[in-house]
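The values are calculated or read from the model by the stated rules, or taken from the named source; none is laboratory data. What you see is a predicted model; the values in this text were computed from it and never measured. Quick reminder, even Gly has a Cβ in these numbers, built from the backbone with ideal geometry, and neighbours come from all protein chains shown. Calculation scope for accessible area: heavy atoms of the full protein, side chains included, ligands and nucleic acids excluded. Shrake-Rupley method; radii C 1.70, N 1.55, O 1.52, S 1.80 Å.
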Amino acid sequence: MASPLAEPATRSTDRLPGSLPMGVLGLGHYLPDEVVTNDDLSEVLDTSDEWIRTRTGIQQRHRLAPEDATSDLATRAARRALDDAGLEAGDIGQILVATTTPDYPISAVAPIVADNLGVLVPALDVNAACSGFLYGLRTAAGLLATGTGPVLLIGAEALTRVVDPGDRNVAVLFGDGAGAVVLGMDDDGSLGPFDLGADGSDPSSLYTPVGGTREPTTDDNVGERRHFLTMRGREIYRFAVANMTASSQTVLRDAGLTPDDIDLFVGHQANLRILDAVAAKVGIPAERCHTTVHLHGNTSAASIPLALAHARDAGRLHAGDRVLLTAFGAGLTWGSCLLTWSGA
Ligand code: ACO
């Protein structure tokens with residue numbers, strides 16, 4: 001709930017500084033049927049439910065079916081978001097897919113989704129890893145502001161396809177899924193202000209070393225299993241807490257809000273300890289944080305729209321709510337924004 005001391009200008013449909021009259025017209029998600037528990041992983045890896053739960057908060061994750069790729073997850077979430085908005089695919093002006101696990105190294109996911117939906121519209125991928133959904137929201141806001149719309153933004157990932165199933169350092173962390181929103185001009189909603197950032201000085205803290213143009217795959221480097229995602233976990237942990245905290249505080253300051261004005265805090269669902277640390281530093285109590293990492297694991301760019309869908313299903317999103325979103329990811333990238341929920 002908002003602080004009783006909050007000025008009227010920070011509530012209802014009054015525009016926040018740095019925001020635009022845009023909102024979520026429809027929301028949908030898709031999670032693969034297969035659920036992999038920590039105990040399942042303990043049967044094939046030198047790990048345990050206790051280690052995974054205490055270090056990350058993760059209890060289970062979903063894994064995509066063998067015949068599926070990222071575009072299949074994205075398309076299913078997109079169809080549900082369109083239904084939720086009461087729109088046809090033909091009403092959409094642009095499709096954006098936030099993903100770091102495309103179907104193919106070259107050729108984006110978004111045009112495949114457009115084709116699956118039966119439309120020919122501009123379609124492109126946004127790759128900012130786990131910050132991708134927030135970068136996608138910022139891109140969508142720009143498109144809407146310049147007359148394109150509505151925009152279908154999907155966060156979709158198949159991380160289990162790019163991690164070494166034999167590497168316990170990363171295999172336990174990730175899951176697959178997709179969440180989608182239809183964004184449009186909406187006087188009852190608001191989007192912004194935003195704070196986005198990137199620091200590419202050392203991508204090696206969280207990257208896939210082999211398979212790009214820096215070092216194409218060879219029999220040798222594939223044999224060394226260097227075509228899988230690798231990371232320096234502790235470094236990323238510190239980076240995540242520092243940057244999500246500072247970015248959230250920047251957005252609050254730019255909006256003229258305090259933590260008391262935030263109805264729901266939805267951070268990138270990578271690790272419960274990271275989320276708890278950021279919320280505590282920003283000053284948002286646990287009861288106003290929505291977490292799904294225990295159910296989904298880290299689904300990268302899909303994690304925030306999946307968490308929003310879960311929050312709405314749980315009755316935790318109401319018209320007029322101020323929602324603070326924040327994320328970090330490979331690149332390294334980070335970002336935050338404010339969303340006023342308009343009741344979709
Ligand atoms: N099961 C059991 N033991 C394990 C496992 C596992 N799954 N994984 C690592 N260990 C061991 C390590 O080998 C190490 O053993 P050692 O001390 O004998 O060397 C020990 O556990 C401690 O390892 P740490 O890495 O120090 O453990 P830490 O408490 O830092 O937790 C973790 C590791 C969970 C990865 C944490 O650092 C973290 O969450 N970091 C952030 C990672 C993250 O969020 N990445 C997001 C990627 S997003 C994207 O853009 C793709």
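Determine the percent antiparallel among the DSSP beta bridges restricted to the chain, to the nearest 5. For the chain, the DSSP antiparallel bridge percentage is about 70. The C-alpha atoms of the chain define a longest principal axis, and helix 233-255 lies at about 10 degrees to it.
For the chain, the solvent-accessible area works out to 41 Å² per residue, with a probe of 1.4 Å and every protein chain left in place.
In plain terms, the chain from S107 to E88 could stretch by 4.3 nm, reckoned as 0.36 nm per residue minus the Cα-Cα distance. At the residue level, H318 shows approximately 100 square angstrom of accessible surface with a 1.4 angstrom probe and all protein chains present.
Helix 70-85 and the longest principal axis of the C-alpha atoms of the chain enclose an angle of approximately 20°.
Nearest 20 debye, what's the magnitude of the dipole of the chain about its Cα centre given +1 on Lys and Arg Cβ and -1 on Asp and Glu Cβ?
Working: 25 positive and 43 negative charges, 163 e Å.
Magnitude of the dipole: close to 780 debye.
The accessible surface of segment 22-188, taken with every protein chain in place and a 1.4 Å probe, is 48 percent carbon and sulfur. Working from Cα pairs under 8 Å separated by at least six residues, relative contact order for segment 192-251 is 42 percent. Could you state the number of Å between the C-alpha centres of segment 199-229 and segment 11-76? Each part's Cα centre sits 25 Å from the other's. Gain on full extension, evaluated as 0.36 nm per residue between V35 and T54 minus their Cα-Cα distance, stands at 4.9 nm. Per-residue extension of 0.36 nm, minus the Cα-Cα distance of D167 and A319, leaves a gain of 50.4 nm for this segment. Of the accessible area of segment 193-340, computed with a 1.4 Å probe over protein heavy atoms only, carbon and sulfur atoms account for 50 percent.
In this rough spin-label picture, where each label sits 7 Å from Cα along the Cβ direction, the D46-R234 distance is 1.9 nm. A Förster radius of 25 Å, combined with the Cβ-Cβ distance separating T148 from D199, puts the computed FRET efficiency at roughly 0.25. The C-alpha atoms of the chain define a longest principal axis, and helix 132-145 lies at about 40 degrees to it. Please label the shape of segment 7-140 as rounded, prolate or oblate, based on the square roots a ≥ b ≥ c of the eigenvalues of the alpha-carbon gyration tensor (a/c under 1.5 means rounded; beyond that, a/b larger than b/c means prolate, else oblate). Here segment 7-140 falls in the oblate category.
Using only the Cα atoms of the chain, each taken as one equal point scatterer with no solvent, compute I(q) by the Debye sum, divide by I(0), and report log10 of the ratio at q = 0.16 Å⁻¹. Taken in order of the listed q values, log10 I(q)/I(0) reads -1.42. Annotation for E215 and D115: the two label points, set 7 Å from Cα along the Cα-Cβ direction, are 3.3 nm apart.
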